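Trainee: Okay, here's the structure, questions in a sec.
Bear in mind these aren't lab numbers, they're just calculated from the coordinates by the rules spelled out. All values reported here derive from a predicted model rather than from experimental measurement. Note: ideal-geometry Cβ built from the backbone for every residue, glycine included; neighbour counts use all protein chains shown.
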Amino acid sequence: MTLTASAPQRAGRSGGPTLRGGWVELVASAVARSYLVFLATMAATAFLPTLFGWTGSVVQSGSMEPNVSAGDVVLTTPLPADSPLPIGRVITFHADDELVVHRLVGVNDDDSLVTKGDANPEVDPWSATRDDITGQGRLLVRYVGLPGFWLSHHEALPLALWGSLTLLAIVIAAGTLKRDDRRDGPDGAEPDDTEPGDTEPDDTEPDVTTAHPVDDGSDAAASVPEKRKRPVLSRLGIGAVAVAALTLAVPGVAQAQGVFTAQTRATASWTAQSYSPISVGAMAGYGAIANTSITDASFLLHFSTIYGSAATTPGTTVSNVTVSGTTDKNNAAATRAMAAATTARTAVGQRPVTQTISPTLSGTLTGGVYASTTGAFTLPGTVTLDAQGDSSARFVFRTTSTLAMSEGAKVVLTGGAKASNVWWIVGTSATLGTNTTLFGAATAAVGNYLVNGAANVRGITLTGRVVSYTGAVTMYTSTVTPSD
């Protein structure tokens, strides 16, 4: 019998975890790998069905809260031509050149569809047909589209935080995998951790001598400690368990078509961003809509005319203005018109800014969503909006503060541009023109002016409409003609 002395075991290597590379490392590794497995699982759930003809859409708007949120992914399948219309369920369809995901709530006598966003107070203002339907909702996958949503909406902070978190998880997971390989050694045995030149281990525990019988040297028992193997799959298993636990703890991470009997919302496809349609809806035919009043404040005589209808709600004042259409004062029609204006502003606001430009508008601009470097826009002269032959080209100008047009300023449309496709979203107040007499230079305004505060219309010819959500529309020797 031969006695052989084994190397002393060092706490923290073959024993329990220690602070140095122990419990802290274990927890960090488990969290990082669980997070990465969770991301991979959810991404696969959202992507794999598209290989079998399903269509994935990243949710972009809040038209159907609360069960589906921005950044969720909706998966749809085509509606067979011989299938009955799925009334009460969610469908995808085209409306006003946009892809929409809303609920089909009914069918009109002319076979047009009645659709509605569950978060919207009224049915959609547009009409669609069966031929416009592209699919019906089948699967909802939560959260996985958030990075795309943040990117398309230029939300840099959450995108940067998510990117940093994901990168950190990758670094931690990769680092712990390498340390596992080093601990296990090339053949699965632990390497000696003593530094070169050390004659004694750092541990204070005494050496332990163990006896190992040897059978004639033919079948010698191993004199080294038993191998400790930590395969990668065991660590990844921690992530899989965590994902399963999270799925149980947070119901509905991935939900089947039953969710589409509840709520959903407008979405965008994987390949092309699309949002809630921009539509005038019940604003059609109105030249002015105001929260408090619509009045002409010209000196002595009043020369303002609206060649269309006017509405105020909850205010009831429309005075000294000639209105060729209906005058609706805090009635159902006025409420619908204001609601349509709010819906349109929300839809326009979903579009990400395509270009930030000088606050002084001039020259020629093509279709796009424009913001200014200061948050305000002024128009001292002439600006030309060129659709370049595309009659559906949309021009959106967004301010966080004011909009001001000088006396004699003009908005000129060319290349097939339409006044109905021009939108001015004004954060505070708007002053269109400065002339208050009959003899000043005419100012030509074009488009839909959606103003959060007061709107002053001074000596202008407006093709479109003006809306004040919280204040009054005050006119001076002006004319307004709706463009629809």
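Trainee: Around Ile294, under 15 Å between beta carbons, what's the net of Lys plus Arg minus Asp minus Glu among the other residues?
Mentor: For residues surrounding Ile294, the net value is +1.
Trainee: Over the stretch 281-481, what relative contact order in percent results from Cα pairs under 8 Å that are six or more residues apart?
Mentor: Here the relative contact order equals 21 percent.
Trainee: Would you please put 65-73, 328-336 in order of how densely packed they are, using the mean number of other Cβ atoms within 10 angstrom per residue and starting with the highest?
Mentor: Packing proxy ranking, top to bottom: 65-73, 328-336.
Trainee: Tell me which residues come under 5 Å, amide H to amide H, from Tyr286 once H is placed; ignore anything under 5 positions away on its chain.
Mentor: Ser309
Trainee: In addition: Quick one: what are the phi-derived ³J(HN,Hα) couplings along the stretch 340-356, Karplus 6.51/-1.76/1.60 with θ = phi - 60°, whole Hz, x for glycine and proline?
Mentor: For the stretch 340-356, the Karplus curve yields 5, 5, 5, 4, 5, 4, 4, 5, 5, x, 6, 6, x, 5, 9, 7, 9 Hz.
Trainee: Between Gln388 and Phe299, what length comes free when the chain is fully extended (0.36 nm per residue of separation minus the Cα-Cα distance, one decimal in nm)?
Mentor: 27.8 nm
Trainee: Here is a follow-up. Ranking request for peptides 340-347, 168-175: highest mean number of other beta-carbon atoms within 10 Å first, then the rest in descending order.
Mentor: Per-residue Cβ counts within 10 Å, averaged per peptide and sorted highest first, yield 340-347, 168-175.
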